[in-house]
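Here's the structure, in structure tokens; my notes come after.
What follows is calculated from the coordinates using simple rules that are stated; it is not laboratory data. As the structure is a prediction and not an experimental result, all values here were calculated from the model. Note that we place each Cβ from the backbone using ideal geometry, even for glycine, and neighbour counts take in every protein chain shown.
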Amino acid sequence: MLLPTLLSSDALDALLEECAIRPDEFTERARELAERLDREGVDLELPDPLSYRRDPESRARSAGQDPFRSEVDAILPLERDEEQRLARRIEFARIRLEKALAEEGLDEGMDVLSHDIDASEGLPERVARRARELHALRTEMVERNLYLVLINVERYAQTGNARMDLIQEGCVSLFRAVDGFDWRRGLLFRTYAVHWLNQAFRNYIYNNGHTVRVPVYLQKALKHIHQAAIQTGKAKPTPEEIAACSDLKPALVESALKASRSSYSIDADFRTAEGSRLRDLLEDESAIVGYDPRFEDLSLETGLARALSTLNDREALVLRMRFGIGFEREHTLAEVAAELGVSVERVRQIQVRAIAKLDTPSLRREMDPFLN
């Protein structure tokens, strides 16, 4: 019996149900089905996102509700049997995509889903079509499980990290969960996906939870250190005492404790009657900041002269000749070498050393008005 050129989801489910009678043979039978569909020029019907969303009239958003939550609440979650069927469709679509890549001579591990699938730039039409099918099915699985992100993000959002950034990380991790999910194991997708969500949230906090990034291995060590510190029964145990209770090396304990120090903005408001800020307490009133009258009488020529005066005669001459300071033009390394009676390489070394000597905070501050 010939199949229609566009196979509906229901018709595909019926075919895949037969392939899944013996789950261990599903992959082989699905490949045979993919061969048949390709031979007959059959494409898969793309899921309509509106088909798994609630009627707009039945989802009136309450005042002040988070727009993202409102969108997620409008999406119908999957029943268990629906989830199984969708997971089989996804696996089948992936098999067809890998087959199309192989037949086009492309790497089967190629990440075609990172391309602009709608534009299909750089992809053969058949590969682009298979990629669109897989992308649409993966997206349906992710969207119908977005509620998991909102359920699991709350305890991590209390850490001071931006809630929407955490939500975005969670949404991305759902795609990874879809790619690793195996319907044959009998697990619900949400049971499997929670691991990926928690991992994504923790990684984000490890990498973005501090003003100065603390290495992940130190952050993980801190968890064991805090537990061990409680076990010692002391208010302020030493690194050696903590190490003895945690099986960590004292040096690692000490490094982790130093890295755990909090950082504060110098513009932080102490909420005093005077509106004091941290920078007000730290300000060095004798420091030169911004405009200073001493710069009024400082010319570029004077500034260069002061800078060059810190060098010895040979170093100063090399820089003057190389950059045309006090000369009509700049000179090449060879010309300077001839003047000094040394090799070109020796002149280059003197120039490098002289420039390094001039690279000091005090000289940079003095020359800053002419460089900015």
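Applying the Karplus relation 6.51 cos²θ - 1.76 cosθ + 1.60 with θ = phi - 60° to the range 129-135 yields 3J(HN,Hα) values of 5, 4, 5, 5, 4, 5, 4 Hz, where x marks Gly and Pro.
Panel order for VAL342, VAL347, by other beta carbons found within 10 Å of each beta carbon, from fewest to most: VAL342, VAL347.
Centre-to-centre, using Cα atoms only, the range 306-338 and the range 179-199 are separated by 69 Å. Its alpha carbons give the range 147-209 an Rg and a Dmax of 11.9, 39 Å. Neighbour counts of C-beta atoms inside 10 Å place LYS236, LYS99, LYS249 in the sequence LYS236, LYS249, LYS99, starting with the fewest. Extension gain, ARG69 to ARG176: 0.36 nm times the residue separation minus the Cα-Cα distance gives 36.3 nm. Per-residue Cβ neighbour counts within 10 Å put ILE151, ILE167 in the sequence ILE151, ILE167, beginning with the fewest. The label-point distance for GLU35 and LEU188, in a model that sets each label 7 Å from Cα toward Cβ, rounds to 3.9 nm. Taking amide H as placed 1.01 Å from N in the peptide plane, the amide H of LEU44 sits under 5 Å from that of LEU7, each at least 5 places away or on another chain. A viscosity of 0.692 mPa s and a temperature of 37 °C, combined with the Kirkwood radius over Cα pairs in Stokes-Einstein, give a translational diffusion coefficient for the range 140-182 of 305 µm²/s.
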